[in-house]
């Protein structure tokens, strides 16, 4: 069996590894470290939790043992998709390089630029960064990548999911062509393969497990969930989650619950707290200080349940996580591999349970197709709660039946009430005389509502409008009104007809004779 002493690592690195309690390298470490020490490009494909971080940190520290960093020109670069993964890589570097004089800088969002600029100005051997913050420093003129000797891309498939591939290609173009590239991923998407063919030169490919496989030491299961009513789905799903946690009992020492949406992360965490569970949320919208504080509390055992989005699915290294609960089936099948990889790490056993609603069955099929294995179906732990839930729609249906009965009774009462006035006219025959209002000649007064009151109202503001028009130079409107009045007057004269006075007709006859 291969030992770390057989991998030609620096004695100072071996001392730090032994102090950390490691003696035997994992398959990905045993396969990637020797070619990396030879200066070759490496393409490592392994499922999460197999020790990929040490497989590039250990040879990088050994190779950088000679030389010195210059200001604003790091000697090596490690790109990570999330802040948590970058921070974890930085912790591993501190652990394995504590007997060396190598320096590092961590460039992530949520931290002031000023502190990071100070570290870069002093010169660092290892620069660990997320793509966005790295390009921010470069565009501000605070960083040069022309001195990079070793470039590492960690969790490349997650970079693809988060849309960082254009940034990665740009960063590759800013580094020297002679650099050494170490490329690690849990899955091998076509886009990832294209990048490796473009930027890696004759890489040594180490594939210790089939792409997108799950650990054999992880017990998996899925509960097929169907709500009693659509508007009760969210609440009943949270009830099922609490029942699953309770069913595991003392075996569930701590757990990570994954949700697809950030909004659901907050809702589920708040619901668990309300029911007495020790739970805290973590997602990308939280401040970096809060995210760090939550993760530190989870690692220290102060927080038992961590409700997270996929921001914590990659690179979160907590060896003692006993359970992973998928509150939602992940939209991307590859995320399932990374989610359940948070448990069963370092050879330990773990449990991964997922809740699948009818709308998620298609995603479940994609997951099973990816891992090439059917996930066992589990029974609903609520057991007796099922019939109760099934009775709910029955009572609701009964209630729906009662509603039409009430409406019928109301209609009957209304018909009785309507029948009563019909009986009254029979007894009181003279009341048809009161039918005078039925004649309703009063619509004629409506004709009296003819435009007489309206023109009177319109005539009142008339003197005000011309004043405004005069102030605006709108005298043309007065001229137009005068013309209209003259035309209407002429029409009135022409319309006299047989009522035309004789002296007017005489004037017309004289004009015709002349």
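Numerical summary
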| item | result |
| --- | --- |
| Exclusive hit being modelled with pLDDT of 80 or more, closer than 23 Å to residue 34 by Cα and assigned to a loop (DSSP other than H, G, I, E, B), set 197, 202 | 202 |
| Helices (runs of 4 or more DSSP H) within segment 272-371 that include 2 or more residues within 18 Å of the chain's Cα centre (by Cα) and touching a residue at least 12 places away in the same chain (Cβ under 8 Å) | 288-299, 333-340 |
| Residue match in segment 51-58 (condition: touching a strand residue (DSSP E or B) at 6+ places or on another chain (Cβ under 9 Å), under 17 Å from residue 203 (Cβ atoms) and part of a loop (DSSP other than H, G, I, E, B)) | no |
| Residues (outside any loop (DSSP other than H, G, I, E, B) and over 24 Å from the mean Cα position of the chain (by Cα)) located in segment 114-133 | 114, 115, 116, 117, 118, 119, 120, 121, 122, 126, 127, 128 |
| Checking residue 125 against (1) touching a strand residue (DSSP E or B) at 6+ places or on another chain (Cβ under 7 Å); (2) within 23 Å of residue 203 (Cβ to Cβ); (3) crowded, with 19+ Cβ neighbours inside 10 Å, the condition it does not meet | (2) |
| Residue match in segment 16-25 (condition: over 30 Å from residue 119 (Cβ atoms) and in contact (Cβ under 8 Å) with a residue 24 or more places away in the chain) | yes |
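Per-residue answers, yes or no, for (1) free of Cβ contacts under 8 Å to residues at least 12 places away in the same chain; (2) part of a strand (DSSP E or B); (3) farther than 21 Å from residue 370 by Cα:
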| position | (1), (2), (3) |
| --- | --- |
| 135 | no, no, yes |
| 142 | no, no, yes |
| 152 | no, yes, yes |
| 167 | no, no, yes |
| 172 | no, no, yes |
| 188 | no, no, no |
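The values are calculated or read from the model by the stated rules, or taken from the named source; none is laboratory data. Note that this is a predicted model, so its numbers are computed, not measured. Methodologically, a virtual Cβ is constructed for each residue, glycine included, from the backbone with ideal geometry; neighbour enumeration extends over all protein chains shown.
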